[in-house]
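I have placed the structure first, in the form of structure tokens, so that the comments after it can refer back to it.
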Amino acid sequence: LLSVRFRRTRRDGEPPLVNGWIPFLGKALEFRKNAHGFLAAHKEKHGDVFTVLIAGKYMTFIMNPLLYPYIIKHGKQLDFHEFSDQVAPLTFGYPPVRSGKFPGMDEHIQRSFRLLQGDNLDNLTECMMGNLMLVFQQDYMDGESEWRTESMYQFCNSVMFEATFLTMYGKPAHTNRHSGIVTLRQDFVKFDTMFPLLIARIPISLLGGTKTIRDKLINYFHPQRMSTWSNTSGFIKERAALFEQYDCMGDVDKAAHHFAILWASVGNTVPATFWAMYYLVTHPEALAVVREEIHCVLKVSGLEADHNRDVTFTREQLDSLLYLESSINESLRLSSASMNIRVAQEDFSLRLEGERSIGVRKGDIISLYPQSMHMDPEIYENPEMYKFDRYVEDGKEKTDFYKDGQKLKYYRMPFGSGSTKCPGRYFAVNEIKQFLSLLLLHFDMEVVEGQEPCSLDSSRAGLGILLPATDVQIHYRPRQA
Ligand code: HEM
């Protein structure tokens, strides 16, 4: 009976439909196990557009990147924020922004994203550099030059989490570092492990101690505590001022919003930093070229890196680091598995290229899964291989990639697309550049021999940058001045 109630049948003009044999869940388990392989197999069987029942939702996957522009540019029939405004509040514990309770808030929040971009980046970048130096110097460069051993993910996490936190939220009164940061980071990691389950709308009450940990994390951002912090970024200050305008918003709700931004700003950046570092350290030829490039940029501006520990990079200098940027983009290509989602607002016929169109029903989800594009051998030769200079050609950024002989408008999408594209993307790439520059200038490092190559943990497939399945041991030592 259940299966009759939950299954739908394909109508004329609709894409091929895959219901699966488990009512409601449909193909959820197979998808979760190996999303990339699952989609590749269905593409082989059904062509480049098909609909799959996943956990009660009908999801239409657009597998051909030449069709992406038709989805990304699509107007009001495909909504971008409906899905996130349902899922994010459940995950982070604040009331939905678009519920009607907070008139105008959604627009203001969208406007606040400009404070992560353009000229506002100068300040953020400068601040991030100071914070990275602070953490590196106090925790990892104590003057001794002997080799030490450390887990690479742990290393990236402790430096990037704290430096990003300080840059976004500021420092406590009378001191430069938050005394509770280690506990905050550990609690964050525990919460983050449960993140895929929360996004899948598993009630938090079923997830052991996750609610207690989330309450603790939220409490860290209590407005009273935050008001004692200084050097807070304009972005966070503007959001805090916005929340003050709504009397019906409680202090815990405000704090939960700030916590959500903490997740947005480090949840993907830390694993992205790990992969960028991992690929460089395991590819000495790439590391040598990138290190040389960083030294050259510093030399041109009259700074001798080895003798100047408080080195700074302007935004223009960071922009000019072509090989470093290509190496980061290449590691993002290899490690990102985000899903771009739009919700159909009505039954309608979605136009694709030429005369082609597909029938879509109200409430259906249209999905792009860029990992399939990132790993397409027609677009990227030997897609499994790390090629640090894949995005450099003739001394410039390479932007022409082809499918079926046609130049692709979208060929690398770790940050989403269209109007929901990550507003922190420029800051994210900048801070990874800063982290790697300082690392290459100030440390020698190598992977401890005898370890298996690092593989991707696909448990958060669809949600962003994948974590490594295991950590990697490295030897490092501060370089001699
Ligand atoms: C949204 C990726 C770093 C702030 C997103 C989305 C993706 C993403 C895929 C969803 C886009 C969509 O739904 O289409 C990444 C990656 C990062 C990164 C891969 C690092 C490598 C950051 C940083 C910040 C940030 C550093 C802030 C400082 C946000 C915010 C949103 C978002 C606020 C929600 C935007 C909205 O609601 O419209 N990010 N992100 N992200 N990201 Fe990032």
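The values are calculated or read from the model by the stated rules, or taken from the named source; none is laboratory data. Computed from a prediction, not measured in an experiment: that's the story for all the values here. Neighbour counts run over all protein chains shown; Cβ positions are idealised from the backbone, glycine included. Protein only, heavy atoms only, side chains kept; ligands, DNA and RNA dropped before computing areas. Shrake-Rupley method; radii C 1.70, N 1.55, O 1.52, S 1.80 Å.
Some observations on this one:
- Maximal additional length on extending the residue 87-residue 33 stretch stands at 17.3 nm, based on 0.36 nm per residue less the C-alpha distance.
- Unit charges on C-beta of K, R, D, E only; dipole of the stretch 134-289, Debye: 460 debye
- Viscosity 1.567 mPa s, temperature 4 °C, Stokes-Einstein D of the chain from Kirkwood C-alpha radius, µm²/s: 54 µm²/s
- Chain lengthening between residue 384 and residue 455 when straightened (0.36 nm per residue, less Cα-Cα): 24.4 nm
- Under a 5 Å amide H cut-off, with hydrogens placed 1.01 Å from N, residue 52 pairs with 18, 59, 60, 61 among residues at least 5 apart or on other chains.
- Computed accessible area, residue 30, all protein chains, 1.4 angstrom probe, square angstrom: 90 Å²
- The stretch 92-166: chymotrypsin sites (Phe, Trp or Tyr not before Pro) in DSSP loop, at most 16 other beta carbons within 10 Å: 147
- Note that the stretch 358-425 carries a Kirkwood radius of 14.3 Å, evaluated over its alpha carbons pair by pair.
- The HN-Hα couplings worked out from phi for the stretch 338-354 by the Karplus form 6.51 cos²θ - 1.76 cosθ + 1.60 (θ = phi - 60°) are 8, 10, 9, 10, 10, 10, 5, 8, 7, 5, 7, 9, 8, 7, 10, 6, x Hz, whole numbers, x standing for Gly and Pro.
- Here the accessible area is traced with a 1.4 Å probe on the protein chains. For the chain, carbon and sulfur cover 51 percent of it.
- Surface calculation, 1.4 Å probe, protein heavy atoms: residue 248 sits at approximately 60 Å² accessible.
- Shape of the stretch 117-200, Cα gyration tensor, a/c cut at 1.5: oblate
- Residue ranges 286-293, 96-103 sort as 286-293, 96-103 when ordered by packing (mean number of other C-beta atoms within 10 Å per residue, highest first).
- Taking all protein chains as they are arranged and a probe of 1.4 Å, the heavy atoms of residue 70 leave approximately 80 Å² accessible to solvent.
- The packing ranking, built from the mean of other Cβ atoms within 10 Å per residue, places the peptides 45-56, 222-233 in the order 45-56, 222-233, highest first.
- Just so you know, the averaged projected area of the alpha carbon convex hull for the stretch 218-359 sits at 15.6 nm².
- Qualifying GluC sites (Glu not before Pro) in the stretch 116-224, where qualification requires a DSSP coil assignment and no more than 11 other C-beta atoms within 10 Å, comprise 144, 146.
- Accessible surface computed residue by residue for the chain, with neighbouring protein chains in place and a 1.4 Å probe, gives 45 Å² per residue.
- Structure-based [θ]222 nm, the chain - -39500 (n - 2.57) summed over DSSP H runs of at least 4, per residue, nearest 500: -14000 deg cm²/dmol
- Cα gyration tensor shape of the stretch 141-258, rounded if a/c is under 1.5, else prolate or oblate by comparing a/b with b/c: oblate
- Potential lengthening of the chain between residue 444 and residue 101 amounts to 118.1 nm, from the contour at 0.36 nm per residue minus the alpha-carbon distance.
- Cβ-defined net charge surrounding residue 91, 10 Å radius [Lys, Arg +1; Asp, Glu -1]: +2
- Environment charge at residue 398 (Cβ cut-off 13 Å; Lys +1, Arg +1, Asp -1, Glu -1): -2
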